Amino acid sequence: MFKRNLTTDENHDNILNNAIQENFTRENSIIPTVYVFFSVLAIMDNCVIYLLFLSHRSLLIHASNRFILLIAIVDGLTGVMVILSPASQAFGDRYPYPRDSILGPLFCAVIGSEYFIWAFGFMSVYTIAVLSLERLYMVVQPTYYKKIFTHGNINIMIAGLIIIGLVISMANPFQSKYRANAMQPCEWLPLTTNEGINAILNTTIFILQFLLPATIVCTCYMIIACKIQRINHIDGSIIIHTVKLPHQFASQRHRRAKKQ
């Protein structure tokens, strides 16, 4: 009786372990498919935008269109880097990790750390922030807009956006270490062994990477919305005033007619 119960428990455990393994395998097969699908979709969509600007170069006269083209290029490159990254699991367990003593650490610092994925992502985020500033100046300060957003200044801004994305992602290569004997040789480590310093560094990185551009975008569009609302209010007052004027003239004529 005891042996029968033991055998039953073992069978139950085996069935449970097999079910867990099947679910894990299914998830491992779905996640790479999702990564690859959205990456290919991003590449294709942004290539269409790139070809549009390439065939209609006159559109690039406008500052906003040049920033949009930069976002399209950067987002397309992000899709390419996601497919090449080990984190996407696009190659499954057969990822061709370089095992050379020179190429291995270099691979982990550049590809394994997802450096370019984050760098391209922050280029896109900060480009949206600058695009918001461009919209703000066009609506609120049109006289300064033509002086600031010239052809030369836009080139400088684009170069600055690329540098910003590369610089604020520099923590990634220092956190990815190469382990030659491991099956997945790129190991993620904290920046320092001191938790207090790590907290300060991570907070600073969070502010630079997320909070600052998000604040710029939200502030710009709040100011634009207030400006548009004020303009609509002034236009509405003018319309009401112009509608009242003929009515006032008619009332005055009617009074004069009565007196006569």
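Where a number appears in this text, it was derived from the coordinates with a stated rule and is not lab data. As the structure is a prediction and not an experimental result, all values here were calculated from the model. Ideal geometry is used to build each Cβ from the backbone, glycine not excepted, and the neighbour counts take in all protein chains shown.
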Problem - Under the Karplus curve 6.51 cos²θ - 1.76 cosθ + 1.60, θ = phi - 60°, whole-Hz ³J(HN,Hα) for the range 156-172, x wherever Gly or Pro sits - result: 5, 4, 5, 4, x, 5, 5, 5, 4, x, 6, 6, 6, 9, 5, 5, 4
Exercise for the section: Describe numerically, in nm with one decimal, the distance between label points set 7 Å from Cα along Cα→Cβ at Tyr221 and at Asn202. Expected result: 2.9
Practice task
Tell me the trypsin sites (Lys or Arg not before Pro) within the range 135-229 that lie in a loop according to DSSP and have at most 16 other beta-carbon atoms within 10 Å.
Solution key: Arg179
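Could you give the dipole magnitude of the range 94-244 about its Cα centre, charging the beta-carbon of Lys and Arg +1 and that of Asp and Glu -1, in debye to the nearest 20? Write out the running numbers ahead of the final one.
Details: 10 positive and 6 negative charges, 89 e Å.
In debye, rounded to 20, the range 94-244 gives about 420.
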Handout entry: Protection-proxy order for peptides 83-91, 194-202, 46-54, each taking the mean of Cβ atoms within 10 Å per residue, highest first
Key = 83-91, 46-54, 194-202
Exercise for the section: Tabulate in residue order the Karplus-calculated ³J(HN,Hα) for the range 190-199, using 6.51 cos²θ - 1.76 cosθ + 1.60 with θ = phi - 60°, rounded to whole Hz; enter x for Gly and Pro. Expected result: x, 5, 9, 8, 8, 5, x, 5, 4, 5
Problem - For the range 35-52, Karplus couplings with θ = phi - 60° (6.51, -1.76, 1.60), whole Hz, Gly/Pro x - result: 4, 5, 4, 5, 5, 5, 4, 5, 4, 5, 4, 6, 5, 4, 5, 4, 5, 4
Exercise for the section: Would you mind checking which residues have amide H under 5 Å from Cys186's amide H? H placed 1.01 Å from N; only 5 or more apart, or other chain. Expected result: Arg179
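What is the sum of charges, Lys and Arg at +1 and Asp and Glu at -1, for the other residues whose Cβ falls under 15 Å from the Cβ of Ile154? Before the final figure, lay out the partial values.
Numbers: positive: Arg57, Arg66, Arg135, Lys146, Lys147; negative: Glu134.
For residues surrounding Ile154, the net value is +4.
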Handout entry: Diffusion constant of the range 82-224 at 20 °C, which comes from Stokes-Einstein with the Kirkwood Cα-pair radius and 1.002 mPa s, µm²/s
Key = 122
